[in-house]
Amino acid sequence: GAELADPPWDEDAEATGEGKAEDHASVTVEVPDLCPRFTARVFTDVEIGPSPLWLKARLIGAGMRPINNVVDITNYAMLLTGQPLHAFDLDRVAGATLTVRRAREGEQVTTLDGQARTLDTEMVVIEDADGPTSIAGIMGGERSEVHEGTTRVLMEVANWSGPNIHRTSWALGLRSEASGRFEKGLAPEQCLHAQAIATKLMIELCDARMLPGTIDIGEPSPPPLTIALRERRVESILGMAVPRERQREILTALDFAAVDAVAEAAADVPGGTGGDVSAGDPALEVTVPPLRRQDVTREADLIEEVARINGLGELPATLPARRGASGRLSDTQRLRRRALDALVGRGLYEAVGWTFTAPGLHDRLHLPAGDPRRRAPVLENPLSEDQSLLRTTLLGSLLDVARHNTARGMADLHLFEQGRVFAADGKTGVGERGSLAVVMTGRIAPVSWGGGEPAKADFFAAKGVLESLGQALRVPLQCTPADQPFLHPGRSASVRSGGTEIGWLGELHPLVAREWDLDGAAAIELDFDRLLVLASAGEHRYRDVISYPGLRQDLAVVLSQDVPAARASELVRAAGGDLLDSVEVFDVYSGEQVGEGRRSLALSLSFRAPDRTLTDADVVPLRERIVQALEELGGELRG
């Protein structure tokens, strides 16, 4: 509640020089839409030298390098007022005249950093009689900069269009302290604030003399905006009442003017939305100060000012008002959560990676030249070269996370990520879809005193995760042998549901694992959008599984190693008919007893009927059909 001192720019120094500023320099503004205000003052008898210690310390503390007293004054005034300034050596301004205009296509300016910048017609320059001297609002020119022999200074403080400065800075790849402030939008009134500060310091530190008059070009500022702040509206938006006197105290401290008033009809109140406010309700009539003109334009902005100063922590936790509306998760959202919960239930942790990736990712994954995943959309304005493409696979971002953790001693990782992947599309530009990926490294279970060393993450560990996901979504998923460039040959598969391919799984190729400094990994990636469509398409039927006991039989069949176990299981299911409840492979044996190039699969068959207890007589013909089907596959019953 303490009273603030007057702003340092409220008192302006008196002119001591002879003549007028207009007699020594002239300014013309050809683009008032891009330069709303241009001010300039003329200083003579300027002595260039080092700044005093206090000024150097202030600039160094703000991260700026002291140069000389005039340049340091412009930087200090900018930091104090938020308004950038620029000092011209008036003797180097050809013709003692400045013109603000649009640049010509291909025109060049050599800026203070010694670089020649090529401009276009959307940019603004300040020129003298010999041509451009600086890029407006961004950086001054080398030709007219202040130097050791300077004795006359033209101090320029102008207001520029923020969007135009932002566009120019981006196009030139040139950012400065000035551009960073102008592009956010400054008030024209700030120009004379900075002039007042700079004038005091020029007289004090440079023994300069200011000529009478300020060159000031620009349209008069619009009248200040007045907004009604309604007491009941504040309570409605914030969920709590803030006394009107407290509102006035806050706004007055922020340099707003606030007087008592009453609310008019909602439609007549600037920024009002009405609804819970009646005409005649208590209100404040608030006048917006010039420096907040672009920031505060409606009643909601004033309410935000009251809330943040009164304390956001004071706001109660309340639900938004609902007028007969009800919300619930869609079927797709419920399935998505069920899938992610299933992965978490298997001990996996969710990771969130960058949507952007590096151009070298596809080479590290050993993708061939024609692979569609190489068609990554290129960003026009990337954050960096390493993030210049949109990702076409989640595998890269998960491997980055795995490498980061492994390098810090966390080698046993079970991670998954859901997110969008993209592809360049000749018709629509960029196509995208949802994807779900898993990466597992290290051991698949913690070390226990009661057992040996746990198994490492491999193809079958990943397949177990896949089966858990399929069971949670009630989507039958099949794995068929298939190769991927980044997966280990013979330890990879294509994931299908019915006749639709939806992804892949397998162990990472050793050469690819080496790219990420990993000692092996198993991975899965699925088309998540397609998987959720399959999960929502089918009907889920429930059946009795406990009223009548099942009948279990085991058999072992010797098959060629080229025959996948999944193929044998499919044939057994087809031959067993409706009474065959389940088929599981519980043992695999390879050795001299079954012959070279062959292996023995031990199958557990469970038979069950919904209306009776089965007997051996019911199962014998089914078993014979199963054996016959396996023999047609080249199998031989064992034992």
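For this structure, a couple of remarks:
- For region 431-439, the criterion of being at positive phi and exposed (fewer than 14 other Cβ atoms within 10 Å of the Cβ) is met by none of the residues.
- Filtered residues of region 1-30 (kept if β-branched (Val, Ile, Thr) and surrounded by 15 or more Cβ atoms within 10 Å (Cβ to Cβ)): Val27, Val29
- Among the residues listed as Gly106, Gly49, the single one being under 22 Å from Met210 (Cβ atoms) and either touching a strand residue (DSSP E or B) at 6+ places or on another chain (Cβ under 6 Å) or in a loop (DSSP other than H, G, I, E, B) (or both): Gly49
- Taken over region 481-493, the criterion of being open to solvent by less than 50 Å² (accessible area, probe 1.4 Å), touching a residue at least 40 places away in the same chain (Cβ under 8 Å) and in contact with a Pro (Cβ under 9 Å, 6 or more places away or on another chain) is satisfied by Pro485 alone.
- Checked against the criteria, Gln471 counts as farther than 28 Å from Leu367 by Cβ, in contact (Cβ under 8 Å) with a residue 60 or more places away in the chain and open to solvent by 30 Å² or more (accessible area, probe 1.4 Å).
- For region 348-364, a tally of residues being over 17 Å from Val401 (Cα atoms) and either among the acidic types (Asp, Glu) or over 25 Å from the mean Cα position of the chain (by Cα) (or both) returns 1.
- Hits in region 558-607 - residues which are in contact (Cβ under 8 Å) with a residue 60 or more places away in the chain, crowded, with 17+ Cβ neighbours inside 10 Å and either within 24 Å of Leu477 (Cα to Cα) or among the basic types (Lys, Arg) (or both): Leu559, Val563, Ala568, Leu571
- Qualifying residue in region 88-97 (condition: at positive phi, surrounded by 14 or more Cβ atoms within 10 Å (Cβ to Cβ) and either part of a helix (DSSP H, G or I) or among the acidic types (Asp, Glu) (or both)): yes
- Selection status of Gly149, surrounded by fewer than 24 Cβ atoms within 10 Å (Cβ to Cβ), touching a residue at least 40 places away in the same chain (Cβ under 8 Å) and in a loop (DSSP other than H, G, I, E, B): yes
- Test: residue in region 326-347 that is assigned to a loop (DSSP other than H, G, I, E, B) and under 30 Å from His404 (Cβ atoms): yes
- Among residues of region 286-299 that are touching a residue at least 60 places away in the same chain (Cβ under 8 Å) and over 9 Å from Ile227 (Cα atoms), those with a Cβ under 8 angstrom from a residue that is among the hydrophobic types (A, V, I, L, M, F, W, C) and part of a strand (DSSP E or B), sequence gap 6+ or separate chain, pair up as Pro289/Ala257; Val296/Ile227.
- One residue stands out among those in region 367-404 that are of a type outside the set (Gly, Ala, Ser), open to solvent by 70 Å² or more (accessible area, probe 1.4 Å) and part of a loop (DSSP other than H, G, I, E, B): the one that is nearest to Trp504 (Cα to Cα), which is Arg375.
- Residue check, Lys456 within 22 Å of Val588 (Cα to Cα), surrounded by fewer than 20 Cβ atoms within 10 Å (Cβ to Cβ) and modelled with pLDDT of 90 or more: no
- Per-region count, region 102-118, residues aliphatic (A, V, I, L, M), touching a residue at least 24 places away in the same chain (Cβ under 8 Å) and in contact with a Ser or Thr (Cβ under 8 Å, 6 or more places away or on another chain): 2
- Close contacts from region 242-264, counting a first residue that is part of a helix (DSSP H, G or I) and a second that is acidic (Asp, Glu), with Cβ to Cβ under 8 Å and a gap of 6+ residues or different chains, come to Arg244/Glu231; Arg244/Asp260; Gln247/Glu231; Ile250/Glu305; Leu251/Glu305.
- Selection within region 129-141 - under 21 Å from Ala178 (Cα atoms) and either assigned to a strand (DSSP E or B) or open to solvent by 60 Å² or more (accessible area, probe 1.4 Å) (or both): Pro132, Thr133, Ser134, Ile135, Met139, Gly140, Gly141
- Residue within region 187-207 that is under 25 Å from Leu112 (Cα atoms), out of contact with any helix residue (DSSP H, G or I) (no Cβ under 9 Å at 6 or more places or on another chain) and hydroxyl-bearing (Ser, Thr, Tyr) present: yes
- 3 or more residues under 30 Å from the mean Cα position of the chain (by Cα): qualifying strands (runs of 3 or more DSSP E) within region 447-549: 500-508, 522-527
- Long-range neighbours under 8 Å by Cβ, at least six apart or interchain, first residue more than 17 Å from Arg167 (Cβ to Cβ) and without any contact (Cβ under 8 Å) to a residue 40 or more places away in the chain within region 120-142, second buried (at least 24 other Cβ atoms within 10 Å of the Cβ) and charged (D, E, K, R): Ile126/Glu156
- For region 610-635, a residue qualifies if it is in contact with a strand residue (DSSP E or B) (Cβ under 9 Å, 6 or more places away or on another chain), surrounded by 13 or more Cβ atoms within 10 Å (Cβ to Cβ), under 17 Å from Ser569 (Cβ atoms) and not basic (Lys, Arg), and the qualifying residues are Leu622, Ile626, Val627, Leu630, Leu633, Gly634, Gly635.
The rows are residues; the columns are (1) modelled with pLDDT of 95 or more; (2) open to solvent by less than 60 Å² (accessible area, probe 1.4 Å); (3) assigned to a helix (DSSP H, G or I).
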| residue | (1), (2), (3) |
| --- | --- |
| Ala171 | no, yes, yes |
| Arg175 | no, no, no |
| Gly180 | no, yes, yes |
| Lys184 | no, no, no |
| Thr199 | yes, yes, yes |
| Gly213 | no, yes, no |
| Pro222 | no, no, no |
| Ala228 | no, yes, no |
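- If you go through region 542-554 and keep only what is at pLDDT 75 or above and closer than 20 Å to Val475 by Cα, you end up with just Tyr542.
- Each residue in region 494-533 was checked for being open to solvent by 50 Å² or more (accessible area, probe 1.4 Å), among the hydrophobic types (A, V, I, L, M, F, W, C) and touching a residue at least 60 places away in the same chain (Cβ under 8 Å), and 1 of them qualify.
- Selection from region 52-66 of residues that are surrounded by 13 or more Cβ atoms within 10 Å (Cβ to Cβ) and part of a helix (DSSP H, G or I): Leu55, Lys56, Arg58, Leu59
- Of all residues in region 230-253, exactly one satisfies the criterion of being among the β-branched types (Val, Ile, Thr) and either in contact with a Lys or Arg (Cβ under 6 Å, 6 or more places away or on another chain) or open to solvent by 80 Å² or more (accessible area, probe 1.4 Å) (or both), namely Ile237.
- Residues of region 307-326 that are closer than 14 Å to Val234 by Cα, aliphatic (A, V, I, L, M) and open to solvent by 100 Å² or more (accessible area, probe 1.4 Å): Leu312 alone.
The values are calculated or read from the model by the stated rules, or taken from the named source; none is laboratory data. Bear in mind the structure is a predicted one, so any value in this text is a computation, not a measurement. Here Cβ is always computed from backbone atoms with ideal geometry, including for glycine, and neighbour counts include all displayed protein chains. The protein model used for the area step is the full one, side chains on, heavy atoms only, and it has no ligands, DNA or RNA in it. Shrake-Rupley method; radii C 1.70, N 1.55, O 1.52, S 1.80 Å.
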